[in-house]
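Undergrad: Structure provided below as structure tokens; questions to follow.
The values are calculated or read from the model by the stated rules, or taken from the named source; none is laboratory data. Fair warning: this is a prediction, and the values are worked out from it, not measured in the lab. In this analysis, Cβ positions are derived from the backbone assuming ideal geometry, glycine residues included, and neighbour counts consider all displayed protein chains. Remember, those area values only see protein heavy atoms, side chains included, never the ligands or the DNA or RNA. Shrake-Rupley method; radii C 1.70, N 1.55, O 1.52, S 1.80 Å.
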Amino acid sequence: MSSRRPVPVIAVSGYLGAGKTTLLNHLLRTRGASLGVIINDFGDINVDAALVAGEVDEPVGISGGCLCCLPDAGGIDASLARLVRARADLDAIIIEASGVAEPENLARLLRSSASRSTRFAGLIEVVDALHESTTIDAGSEPPARYAAATLVAVTQTEHLEPADRDTEMARVRERVAARNRRAHVVEAPGGRLDPLLVLDVAQRPTPPGELPLAELVREARAEQHEHHGGHHHDHVHARSAGVPAGAPVDAGRLADLLETPPASAYRLKGTVDVAGPAAGEHRVRRYVVNAVAGRVHLTAEPAASPVSDPPTGLVAIGTALADDVEDRLADALAPAAAPSAAAGTARLERLRRRSA
């Protein structure tokens, strides 16, 4: 039985011309990332060939029309399986949807996937600050597509004056919140989105014998940037707050956190050993936590020897973390003084079953 954990799948949607391809290529340039890509139409996507060769195992195309209109997840499951089989160290798979795709159907499709080797890890809706209010969000009611997003990335803000940029960001936040209070809205000038918001990336060196094409492309672009005066609009940087767990924790306290996660944290991740409802170390159960915009994905593993295990704990990630986030993590990870109550264990198991 494989111990490999499910690979996160992130969808990128947005109307034609919103900047999806630019954002995708920015994520592909993340140092150390090993990414798989699924795209709706090769003709619509301009993924840098060197980046594909150097970092992406294989771009997979979905034929036969719009991906979100597939009758079930079977078609996309085959593409996901191809990418996971091809490379064992994928950090994530990114799906670039067609500009006419309906994000609500795409999110439903990915959540209903039967794949055990992947998990849905969010939908990024790309919004063009210059044209959104006169195109897809020109009606009296905010568009339904906002309801499916976990993250709304607002592009083209570098072309606005500071006052106009603040006004537009406030407008987008208000419109998105009217449909979806859990979604986080971030500014992504030039398509630059902090990878920390969506990827867990180890800074791995290029394996021996492999040509580091992506690294060469990054270096060339950096030199070109310097030669042209270094004009650059940086992205909004994410922050993180982490708390270690030195001993098994109470199931009820962890369930409290996961059922009502900090609103300012876009992502919550980690590994936690939980005290069971009976005494003894053999009753400890290990849970792997991944939450995106309040949607929790929880899996269980046997708790192995503490000597061989990596440290347990939780990390919260967001662009504007509230001051109490670390306190909430610490409260949830306080060592259990006694075996967990059966009710707390049952709540965690309900969250785990929903994840499955």
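Undergrad: Scanning the stretch 126-140 for residues that are free of Cβ contacts under 8 Å to residues at least 12 places away in the same chain and part of a loop (DSSP other than H, G, I, E, B), which turns out nearest to residue 160 (Cα to Cα)?
TA: 138
Undergrad: Got a sec? Which of 102, 141 is touching a helix residue (DSSP H, G or I) at 6+ places or on another chain (Cβ under 6 Å) and open to solvent by 50 Å² or more (accessible area, probe 1.4 Å)?
TA: 102
Undergrad: Among residues belonging to the stretch 315-335 that are in a loop (DSSP other than H, G, I, E, B) and either among the hydroxyl-bearing types (Ser, Thr, Tyr) or surrounded by 21 or more Cβ atoms within 10 Å (Cβ to Cβ) (or both), point out the one that is farthest from the chain's Cα centre (by Cα).
TA: Restricting to residues being in a loop (DSSP other than H, G, I, E, B) and either among the hydroxyl-bearing types (Ser, Thr, Tyr) or surrounded by 21 or more Cβ atoms within 10 Å (Cβ to Cβ) (or both), the top hit is 333.
Undergrad: Still on this model: Considering each residue of the stretch 164-174, count those that are out of contact with any strand residue (DSSP E or B) (no Cβ under 9 Å at 6 or more places or on another chain) and open to solvent by less than 70 Å² (accessible area, probe 1.4 Å), and give that number.
TA: 2
Undergrad: In the stretch 154-163, what residues are of a type outside the set (A, V, I, L, M) and touching a strand residue (DSSP E or B) at 6+ places or on another chain (Cβ under 7 Å)?
TA: 155, 156, 157
Undergrad: Run down 92, 18 and say which single residue is modelled with pLDDT of 80 or more and touching a Pro at 6+ places or on another chain (Cβ under 9 Å).
TA: The conditions single out 92.
Undergrad: Mind counting the residues in the stretch 144-163 that are under 17 Å from the mean Cα position of the chain (by Cα) and open to solvent by 20 Å² or more (accessible area, probe 1.4 Å)?
TA: The number of residues fulfilling the criteria is 1.
Undergrad: I would also like to ask the following. Determine if the stretch 43-56 includes at least one residue that is in a helix (DSSP H, G or I), β-branched (Val, Ile, Thr) and modelled with pLDDT of 85 or more.
TA: no
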